[in-house]
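To start, the structure under review is shown below, and the notes come after it.
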Amino acid sequence: MRATVIHGPHDIRIEEAPDPVVRNATDAVVRVVSACICGSDLWAYRGVASRTAGQRIGHEFLGIVEAVGSEVRDLRPGDFVVAPFVWSDGTCDYCREGLQTSCPQGGFWGEVGSDGGQGEAVRVPFADGTLVKLPKETADEEKLLPSLLALSDVMSTGHHAALAARVRPGATVAVVGDGA
Ligand SMILES: [Zn+2]
């Protein structure tokens, strides 16, 4: 399959990469329908955040489940899913508290040895804890895909912040750390 690979600042290439396969019983393989470039991908692109040459890149994607491991319970081939910007087991104390980015078994798309979101397919560790199912029929609604893609990172980050700050309708708030 083809995927983006970062070799250094200002040097991202589309290259041939191994087709992902189910490696662990909790994995799924997802065929990417839509992916995008996050502001934090640009940190690596500009050299502000360092990457090991040859790392994959991209962490926001929508896709169709193609295969699941024997221990995956909630997903099956054909499901349309959105991937959050980290994978997580969904079962530990952190995950149950909604702090999936602190999951001890979790990780970031594109870290060394893992697939990035900007590729034709992705091996998803802990698929049950990571992927969120979307209504199947929305996969064919091309105009809706950019909005669904925003659920992977942009919307969920703001939503988490609003919940953590206990924001209520009508409240006046300051937004700190607007990222991109
Ligand atoms: Zn966890």
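The values are calculated or read from the model by the stated rules, or taken from the named source; none is laboratory data. Every value quoted in this text rests on a predicted model; they were computed, and no experiment measured them. Reconstructed Cβ throughout: ideal geometry from the backbone, glycine too, with neighbour counts over all protein chains shown. Ligands, DNA and RNA are excluded from the accessible area calculation, which covers all protein heavy atoms including side chains. Shrake-Rupley method; radii C 1.70, N 1.55, O 1.52, S 1.80 Å.
For the range 93-180, taking Cα atoms only, Rg and Dmax work out to 15.7, 46 Å respectively. If one computes the Cα centroid of the range 127-153 and of the range 41-90, what distance in Å separates the two points? Each part reduced to its Cα centre gives a spacing of 13 Å.
Can you give the relative contact order of the range 2-162 as a percent, counting alpha carbon pairs under 8 Å and 6+ residues apart? Could you put the intermediate results ahead of the total?
Numbers: 365 pairs, mean separation 44.5, N = 161.
Relative contact order comes out at 28 percent.
Think of it as helices only: each DSSP H run of n ≥ 4 in the chain is worth -39500 (n - 2.57), and spread over all residues that comes to -4000 deg cm²/dmol at 222 nm. Restricting the range 46-78 to trypsin sites (Lys or Arg not before Pro) that sit in a DSSP loop and have at most 16 other Cβ atoms within 10 Å of their own Cβ leaves Arg73.
Placing pseudo-labels 7 Å out from each Cα toward the beta carbon at Ala162 and His7 gives an inter-label distance of 4.3 nm. Potential lengthening of the chain between Gln105 and Asp93 amounts to 3.2 nm, from the contour at 0.36 nm per residue minus the alpha-carbon distance.
Neighbours of Glu60 by Cβ distance under 11 Å: Lys/Arg scored +1, Asp/Glu scored -1, total -2. In the range 2-162, the portion of solvent-accessible area held by carbon and sulfur atoms comes to 54 percent [1.4 Å probe, whole percent, DNA, RNA and ligands not counted]. Sparsely packed loop sites in the range 36-129 (the GluC sites (Glu not before Pro) outside DSSP H, G, I, E and B with at most 11 other Cβ atoms within 10 Å) comprise Glu97. Across the range 59-138, Cα-Cα pairs farther apart than 21 Å form 24% of the total. Pairwise Cα separations in the chain fall into 10 Å bins from 0 onward with the following percentages, short to long: 10, 35, 37, 16, 2, 0.
Which of the three applies to the range 1-85, rounded, prolate or oblate, going by the alpha-carbon gyration tensor with a ≥ b ≥ c and a/c under 1.5 meaning rounded? Provide the component values of the computation, followed by the final result.
Working: a/c = 2.43, a/b = 2.02, b/c = 1.20.
It comes out prolate by the Cα gyration axes.
How much accessible area per residue does the chain have, in Å², with a 1.4 Å probe? Walk me through the numbers on the way to the answer.
Working: 10390 Å² over 180 residues.
Here the per-residue accessible area is 58 Å².
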